[in-house]
Structures are given as structure tokens and as C-alpha cells.
Amino acid sequence: MTRWRRQQLVLGLIGGVLALYLFTPLAVLIGSTGTGFFSGLAHPLVWPAMKLSLSTTLTSLLVVVVLGTPLAWVVARSSSRGARVLESLLQLPVVVPPAVAGVALLLTFGRRSLLSAAFSPDGWSPSFTSLAVVMAEAFVSAPFFLQAAISAFRRIDANLVTVARTLGASPLRVFFSIGLPLAAPGLVAGGATSWARALGEFGATLMFAGNLEGRTQTLPLAIYTALETDLKVAQSISVVLIIAALALLVLVRLVTRERTP
């Protein structure tokens, strides 16, 4: 064995320790579920949470994509310092703890907040409703889509935009005719990543929407509840989320494989 191969082997063994640490718990979780997987999914706690998770995450994804795509385009096409500062601030929810995000949403949109008092004199607020779940999921997942979308738009050849503007194309036509088609793979990948983050959201949802079965209890919150009474149910839900995450990773790989060096 050459010196090069020995050193490569050493580096591989060192890195393999972390890889083993990351894979082993997931493998144990899946392997220990066994035949109890389907019986766990039959628990009354599961399907309302699954239905709510699907509806709220798809709604939050729609909101993020519709509002976030134009924002990403503007940030990507701008070279000003303000746009760079804005781009950094848009990533803030990624590093802010989810519990902090939940408290911030509660103080902003809760029943005792200034916004609630201004828009609803009778004291209504979206907190502890299904709308609060959507808002929490959108808050924590939007940065993942925005970063992917900004990167996708920046990869577009600037000369194409310049030529289109020279030929008289309006900013909206450039956006819809050039920006969206060319950035589509990156947008799809960003949407998948954003949806995965929304599907796994826990902390902000718990703080802002609560854990009300059938109303605000998503799959991660159902896992939290099931751990107190039936571990098998928690395992079954966890496996479902792992399968969903794996499917999304495969999707991201498929839509971006042409850009992989």
C-alpha cells in the first residue's frame, strides 16, 4: 500500500466515525420498529396529525414560494450593499433557536400583541390555531428556499438579462421568461428543502400554536405526545418522517444532478 493510500485510509477512518455516529441512530430507529410499524400508525393520534402536517406544510410552502421567489430575484439581481445586508438578515431564522422564533411570533401576533389589538379589537389572534402552525412553519422554512432561489438566480448568465432588456423586455417579462425557466431546478430543490424543514418543525410551533390534537398537533408534536404513552407510535411516526426526508433528498439530487461536478 502506497503512502498516499495509507493517508487516504486514515482520513477515511477518521471521517467514518462521524458518518457512523450520524447513521447508527437512524438505523436503530428503523430496525427496532419492526412489525409494530403499521400498528403504530393505526393509533388515533397519527392520522389527524399527518393530515394537519400535510395541509399546513403545503400551505406554508405555497406562501414561501409565491412571496419568496420575487424577493430572491430582486436580491440576486442587485449588487447594492443593502441587498447583501438583506440577504444576511433573511438567513437569521436559520440560526435563531426555534423556541425563540416561537416566542417572537407569539409577542408579535399573540392576543396581547400590538398588532392583534390594532387589527382585532375583540382580541382575536392567530395564536394556537392552524393558521399559527402555517405561520411558524413559513417563518422557519423560508430561509432555505430563499437561499436556494437566490443562488439559482445568480447562476443565470447576466448577458441574457441584458440582451432581453435591450430588446425591450419589461422586468416582469424577463422574470417570467428567463428567470423562472432557467432557475427552475434550483427553485424545485429549494422548495423541497423548505418543505422538509417545515415538516420537521417543532419548537416554534409548540410555542406559538400549542399542541392541540386535531388543531395544531403536527407529526413532530405527535411524536412528543406519544413518547409519554406509547413508544411504538412515536417510532412509527419517526420512520414516516425519515422516509419523507429521504424521498426529498432523492428529489433534490435528481433535479440538481446536472449541476453536480
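The values are calculated or read from the model by the stated rules, or taken from the named source; none is laboratory data. It should be emphasised that the depicted structure is a prediction, and the values quoted were computed from it without experimental measurement. Glycine also receives a Cβ, built like all others from the backbone with ideal geometry; neighbour counts cover every protein chain displayed.
Filtering region 118-141 down to residues that are touching a Pro at 6+ places or on another chain (Cβ under 7 Å) and aliphatic (A, V, I, L, M), which residue is farthest from Val96 (Cα to Cα)? Don't jump to the end; show me each part of the working.
At the first step, the residues of region 118-141 found to be touching a Pro at 6+ places or on another chain (Cβ under 7 Å) are 132, 135, 139-140.
After this cut, where a residue has to be aliphatic (A, V, I, L, M) as well, the list is 132, 135, 140.
Values: Ala132: 18, Met135: 16, Val140: 9 Å.
Once the filter is applied, the top-ranked residue is Ala132.
Please specify each residue of region 50-74 satisfying the condition of being under 17 Å from Ala189 (Cβ atoms) and of a type in the set (Ser, Thr, Tyr).
Thr57, Thr69
Testing Pro121 on (1) in a helix (DSSP H, G or I); (2) at pLDDT below 90; (3) more than 28 Å from Asn211 (Cβ to Cβ), one condition comes back false. Which one is that?
Single failed check for Pro121: (1).
For region 64-111, which residues satisfy the criterion of being more than 22 Å from Phe208 (Cβ to Cβ) and of a type in the set (Ser, Thr, Tyr)? Quick ask: steps written out before the conclusion?
Our first condition is that a residue be more than 22 Å from Phe208 (Cβ to Cβ); within region 64-111, this holds for 69-88.
Matches in region 64-111: Thr69, Ser78, Ser79, Ser80, Ser88.
Mind listing whichever residues of region 124-166 are of a type in the set (Ser, Thr, Tyr) and either closer than 19 Å to Ser78 by Cβ or buried (at least 20 other Cβ atoms within 10 Å of the Cβ) (or both)?
Ser125, Ser127, Ser141, Ser151, Thr162
For region 174-215, which positions are assigned to a loop (DSSP other than H, G, I, E, B) and over 18 Å from the mean Cα position of the chain (by Cα)?
Result: Gly210, Asn211, Leu212, Glu213, Gly214, Arg215.
State whether the residues of region 73-88 include one that is under 30 Å from Asp157 (Cβ atoms), in contact with a Pro (Cβ under 8 Å, 6 or more places away or on another chain), exposed (fewer than 15 other Cβ atoms within 10 Å of the Cβ) and hydrophobic (A, V, I, L, M, F, W, C).
Taking region 73-88 as the starting set, the residues that turn out to be under 30 Å from Asp157 (Cβ atoms) are 73-88.
Applying the additional criterion that residues be in contact with a Pro (Cβ under 8 Å, 6 or more places away or on another chain) yields none.
No, the conditions are met nowhere in region 73-88.
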